Amino acid sequence: MPQVTLTVNGKTHTVEVEGRTLLVELLREKLGLTGTHVGCDTSQCGACTVMMNGTSVKSCTTLALQADGASVMTIEGLAAADGTLHPMQEAFREHHALQCGFCTPGMVMSAVDLVQSHPQGLSEADIRHGLEGNLCRCTGYHNIVKAVAAAWPVMHGKQPVAAE
Amino acid sequence: MYDFAYEKPAALAAAVSSLASDMEAKALAGGQTFIPVLKQRLNKPSKVVDLAALGLSGITVTADTVTIGAMTTHGDVALSADVQKAIPALAHLASMIGDWQVRHRGTIGGSLANNDPTACYPTAVLALGATIVTDRREIKADDYFQGMFTTALEQDELITKVIFPIPQRAAYQKFKNPASRYAMVGVFVAKFASGVRVAITGAAQGGVFRHAAFEAALSANFAPDAIAGIVTPADDLNSDIHASAEYRAHLIGVMTKRAVAAA
Ligand SMILES: Cc1cc2nc3c(=O)[nH]c(=O)nc-3n(C[C@H](O)[C@H](O)[C@H](O)COP(=O)(O)OP(=O)(O)OC[C@H]3O[C@@H](n4cnc5c(N)ncnc54)[C@H](O)[C@@H]3O)c2cc1C
Ligand code: FES
Ligand code: FES
């Protein structure tokens, strides 16, 4: 069987996979990282979003073998070792940006990428367009957009997260 | 998904001979179309040949051309300052494909090889009169697209890059299908010293096509109103749950006017 070697949340793993094994299957079933969800399995909903080599990808639409040599970050890798939440997680909590929470891991990973890749600032329209690949059945998106806007200054070292 | 063997060759010649030695083998680029197809068991390759290690990504701009490597992602084209400057319409088109996750993986070569009848890139290639370079030849845009999901490519032929001539003015306007984000109708308009070319996606049963009547009118007068009286026949256009052929025919005019205004 083919092998894939990749770094997940800073730890290197070598895992046996099939050609058809998806990255999300490797993460959830081989590494037990079940924070990454599968919502649609048809590349639409973004629940499976992880960071691969620094950009957001749908792990249900990536073969495990395509991630050979890659550095992957999942929702489990965001918080600090002592449990302190990442500013995006904190902002989601503060701004009530989740209800059932199913979309949240993917939404947070996309949001982190969006904020990191926009050091010049993010308008509300940028946030809505930027999160187009993530569907939420509960929140109506409004509080998610608020949370991402609130996390931007914190992630860029400008001010702390504060609820309205 | 059926299982398959997986290869990641390090040289173009090796990738081509791997595909040539096995009619059931398929190339893999970003996987944003191919992996969903595999999941639906619509394709059963014996072997998947990953093009990621062939060094086929990158953007080069000269005084009159923009050349994009086949493995360059939509995201890289969208964010390229060089493309934004040389052919802003092309960067804009790339920025409107799917969503960020899709743009981070999906490639121009994969989009053109696939030739989905609702895909965006085929309009830019056809309207700009681009040249598709493969491992063995150069193919003119007008000869490349041969109907829905059909191109001039042979089974073992790989796109290596696409060369776009830089127009005087150009724009892409897409009326998105709100669920899939593919084009319900997408129009790319390009103005050169030699005349105007207009390519339409999303609308026709045969995939991307040039609109001769609009091209003639816009070559004479590059203004939205120049096409005002021209009726697009609905005969060969798609009708589905999203839009009737007549509605698509109407949208073609509307989106073309918007593209001319934006160019
Ligand atoms: C949610 C979603 C939304 C999308 N929205 C849009 C949209 O709005 N507009 C749009 O245009 N597209 C859209 N797409 C499709 C996307 O652009 C794909 O990236 C693209 O169609 C295929 O590119 P790929 O690199 O992923 O190719 P793959 O999926 O890897 O390959 C596609 C096909 O091309 C072949 N191939 C790949 N590279 C080459 C090459 N260099 N030479 C020869 N053959 C090759 C493969 O064998 C395969 O048959 C969307 C996709 C998704 C999942
Ligand atoms: S589970 Fe991957 S996009 Fe929905
Ligand atoms: S919080 Fe339930 S799907 Fe988003």
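Some notes on this structure:
- For the stretch B:81-107, the set of residues classified as out of contact with any helix residue (DSSP H, G or I) (no Cβ under 6 Å at 6 or more places or on another chain) and away from chain A (no Cβ under 14 Å) consists of B:82, B:85, B:86, B:87, B:88, B:89, listed by residue number.
- Matching residues in the stretch A:17-35 - criterion: being within 20 Å of residue B:38 (Cβ to Cβ), more than 16 Å from ligand 1 (Cβ to nearest atom) and in contact with a strand residue (DSSP E or B) (Cβ under 9 Å, 6 or more places away or on another chain): A:17, A:18, A:21, A:26, A:27, A:30
- Of all the criteria given as (1) within 14 Å of chain B (Cβ to nearest Cβ); (2) in a helix (DSSP H, G or I); (3) over 30 Å from residue B:5 (Cα atoms); (4) more than 16 Å from the chain's Cα centre (by Cα), the one not satisfied by residue A:65 is (3).
- Filter pass, residue A:63 being hydrophobic (A, V, I, L, M, F, W, C), within 16 Å of ligand 2 (Cβ to nearest atom), assigned by TED's automatic domain parsing to the domain that holds residue A:37 and in contact with a helix residue (DSSP H, G or I) (Cβ under 8 Å, 6 or more places away or on another chain): yes
- Residue match in the stretch B:66-75 (condition: without any contact (Cβ under 8 Å) to a residue 40 or more places away in the chain and not polar (S, T, N, Q)): yes
- The condition of being more than 14 Å from every other protein chain (Cβ to nearest Cβ), assigned to a helix (DSSP H, G or I) and either over 17 Å from the mean Cα position of the chain (by Cα) or buried (at least 18 other Cβ atoms within 10 Å of the Cβ) (or both) holds for residue A:91.
- Tally of residues being outside any helix (DSSP H, G or I) and crowded, with 21+ Cβ neighbours inside 10 Å across the stretch B:57-79: 7
- Scope the stretch B:139-161; condition assigned to a loop (DSSP other than H, G, I, E, B) and among the charged types (D, E, K, R); matching residues: B:154, B:156, B:157
- Condition met for residue A:60 (within 10 Å of the chain's Cα centre (by Cα) and facing another protein chain (nearest Cβ under 10 Å)): no
- Selection from the stretch A:96-111 of residues that are within 16 Å of ligand 1 (Cβ to nearest atom) and either of a type in the set (Ser, Thr, Tyr) or at positive phi (or both): A:110
- Residue A:112 meets each of the listed conditions (1) of a type in the set (Val, Ile, Thr); (2) assigned by TED's automatic domain parsing to the domain that holds residue A:149; (3) crowded, with 24+ Cβ neighbours inside 10 Å apart from (3).
- Of the residues making up the stretch B:13-56, those that are closer than 30 Å to residue B:86 by Cα, away from chain A (no Cβ under 13 Å) and surrounded by 17 or more Cβ atoms within 10 Å (Cβ to Cβ) are B:54, B:56.
- Among (1) surrounded by fewer than 18 Cβ atoms within 10 Å (Cβ to Cβ); (2) part of a loop (DSSP other than H, G, I, E, B); (3) out of contact with any helix residue (DSSP H, G or I) (no Cβ under 6 Å at 6 or more places or on another chain) - the single one residue B:246 does not satisfy: (2)
- Top-ranked residue in the stretch A:88-104 [being more than 8 Å from ligand 3 (Cβ to nearest atom) and touching a Leu at 6+ places or on another chain (Cβ under 8 Å); ranked as nearest to residue A:141 (Cα to Cα)]: A:92
- Residue check for residue B:136: in a loop (DSSP other than H, G, I, E, B) and either among the hydroxyl-bearing types (Ser, Thr, Tyr) or more than 14 Å from chain A (Cβ to nearest Cβ) (or both): yes
- Flag for residue A:81 being touching a His at 6+ places or on another chain (Cβ under 6 Å) and in a loop (DSSP other than H, G, I, E, B): no
- Residues of the stretch A:19-42 that turn out to be at pLDDT below 95 and crowded, with 18+ Cβ neighbours inside 10 Å, as a count: 0
- All conditions but one from (1) at pLDDT 95 or above; (2) within 24 Å of residue B:253 (Cα to Cα) apply to residue B:111; the one that does not is (2).
The values are calculated or read from the model by the stated rules, or taken from the named source; none is laboratory data. Computed from a predicted structure; not experimentally measured. Every residue, glycine as well, gets a Cβ built from its backbone with ideal geometry; the counts of neighbours run over all protein chains shown.
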